[in-house]
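Notes to accompany the following structure.
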Amino acid sequence: MQDGILINDPYEAENRRTHDFNKSLAARLSGSDKHANSDAETAPKGGQMQPADLVINMGANLSLPGKVVNNLLQGRPAPAARNLSRFIVNTTIGIAGMFDPAGRKLGLNETDTDFGETLAVWGVPEGAYLELPVLGPSTQRDSAGKVIDLVLDPLVHILTGPQIAAEYALRIGAKVGDRARFSDSMDSVLQQSADSYAQTRLIYLMHRRHDVGEKGAEFDPYDDLYAEPEQDAGFIDPYAD
């Protein structure tokens, strides 16, 4: 248990080796991010979107069909309809997803999900904590979900080989762009923590369990262990005043 959070990490030794690799990779990427950010600061300020922003938007848009499928598998038609409407609007009016009229004009914001969350909804246990090369923190359940998401993506069954490769390239570009946007906060965890592995693991599990809505997955250290148990509403104390 770490900070009141239940931890299942039987592969800690292997995970730490992978974490060290990811940490060194993040440090190299951070140097590139800072160089790119300094170039952006000297660029003309015209309120125009940068090419990186367009790539991020397109990659995020291409991930929406798979999220629609997961919404439906979770029995959540409302988020599925919202994600589908967002995809249609941004793919057409937003020019292949480069722009976001669905969110900015219509309030159709994305509902993020994946097959890892679908498995959680179906009652599949979280499993052991894993740190994956390049991809970072995960669990056995979420790792399986990442693989199945590739199969569930409707676009994979529609597009041709080169188009699928382009889709994955854009989605990877979107992930890299997101990493650049939040590089400062990530660097503070990876480079400044006394134990960056334990801190990364804790942050991931806390956020992930919150996102999938798991109940009873966390222990509240502030619970009063000596509090009187709640009595049934129908119980009558004959000795009460």
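No value in this document is a laboratory result; all are computed from the given coordinates. What you are looking at is a predicted structure, and each value in this text was computed from that prediction instead of being measured. We place every Cβ from the backbone using ideal geometry, glycine too, and count neighbours over all the protein chains shown.
The table below lists the values:
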| read-out | value |
| --- | --- |
| In sequence order, calculated HN-Hα J values of the stretch 129-134 (Karplus, 6.51, -1.76, 1.60; Hz; x Gly/Pro) | 6, 9, 10, 8, x, 6 |
| Neighbour net charge for residue 148 - beta-carbon separation under 11 angstrom, K R +1, D E -1 | -2 |
| For residue 116, net neighbour charge (Lys/Arg +1, Asp/Glu -1) across residues whose Cβ lies under 10 Å away | -3 |
